[in-house]
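Have a look at the structure below before the remarks.
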Amino acid sequence: MLILLQALQVFLAPIPGQVLGAAGGYIFGPWLGTLYSMAGVMLGSILALTLSRRYGRPLVERFVAKETLARMDELIAKGGLWFFFIAFLLPFFPDDALCFLAGLSPIPLRWLLAVMVVGRLPGVAASAFLGAGISHLPPELLAVVLGLAALLTALYLTFRRS
């Protein structure tokens with residue numbers, strides 16, 4: 001179920017992937033949580049990449065806001081593969097949108113996939129390890145952490161829509 005949810009969040013993004021990664025770490029532990037989350041993230045990323053390669057810009061415009069698309073077009077043109085690598089490393093960067101944009105680039109698929117794996121792994125692992133550590137918190141502190149996570153998720157969703 002975690003793998004499927006992680007794959008779907010690339011397309012639907014109702015909640016940030018980091019929250020799912022933390023949940024995976026909490027449920028399965030840091031190592032399996034990382035493995036399952038990474039499998040789902042890569043499945044969704046590969047699907048987004050291949051669909052955008054096949055159907056082009058009209059499809060990408062359905063998933064990526066026009067302002068984001070215009071900004072990313074410039075950055076991708078200047079940075080190429082290095083831009084993708086650095087962007088996938090940055091936490092809270094719109095890396096799901098990058099998967100769609102990567103499909104529009106002329107960069108070979110094998111290089112894009114390598115950059116996706118290496119760039120996304122640290123963030124996915126950090127989320128899983130954070131989630132695994134939450135289980136050791138006292139109940140009062142856990143309630144505060146979960147409340148803050150819910151608040152941050154709500155703020156993220158609110159500002160993402162605007």
_Which condition from (1) of a type in the set (D, E, K, R); (2) out of contact with any helix residue (DSSP H, G or I) (no Cβ under 7 Å at 6 or more places or on another chain); (3) touching a residue at least 12 places away in the same chain (Cβ under 8 Å) is the one that D96 breaks?_
(2)
*For residues that are surrounded by 13 or more Cβ atoms within 10 Å (Cβ to Cβ) and in contact (Cβ under 8 Å) with a residue 24 or more places away in the chain, scanning just the range 134-162, find the one that is farthest from F88 (Cα to Cα).*
I134
*Determine whether the range 51-64 contains at least one residue that is touching an Asp or Glu at 6+ places or on another chain (Cβ under 7 Å), part of a helix (DSSP H, G or I), under 16 Å from V115 (Cβ atoms) and not β-branched (V, I, T).*
no
*Only one of (1) under 26 Å from A132 (Cβ atoms); (2) of a type in the set (A, V, I, L, M, F, W, C); (3) assigned to a helix (DSSP H, G or I) fails for F92. Which number is that?*
(3)
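Would you mind stating whether P30 is closer than 24 Å to L152 by Cα and more than 14 Å from the chain's Cα centre (by Cα)? Walk me through how you get there before you give the answer.
Details: closer than 24 Å to L152 by Cα: yes; more than 14 Å from the chain's Cα centre (by Cα): yes.
Here the answer is yes, as P30 does meet what is asked.
Each reported figure results from applying straightforward, stated rules to the coordinates on display, with no laboratory input. Every value quoted in this text rests on a predicted model; they were computed, and no experiment measured them. Note that each Cβ is placed from the backbone with ideal geometry, even for glycine, and that neighbours are counted across all protein chains shown.
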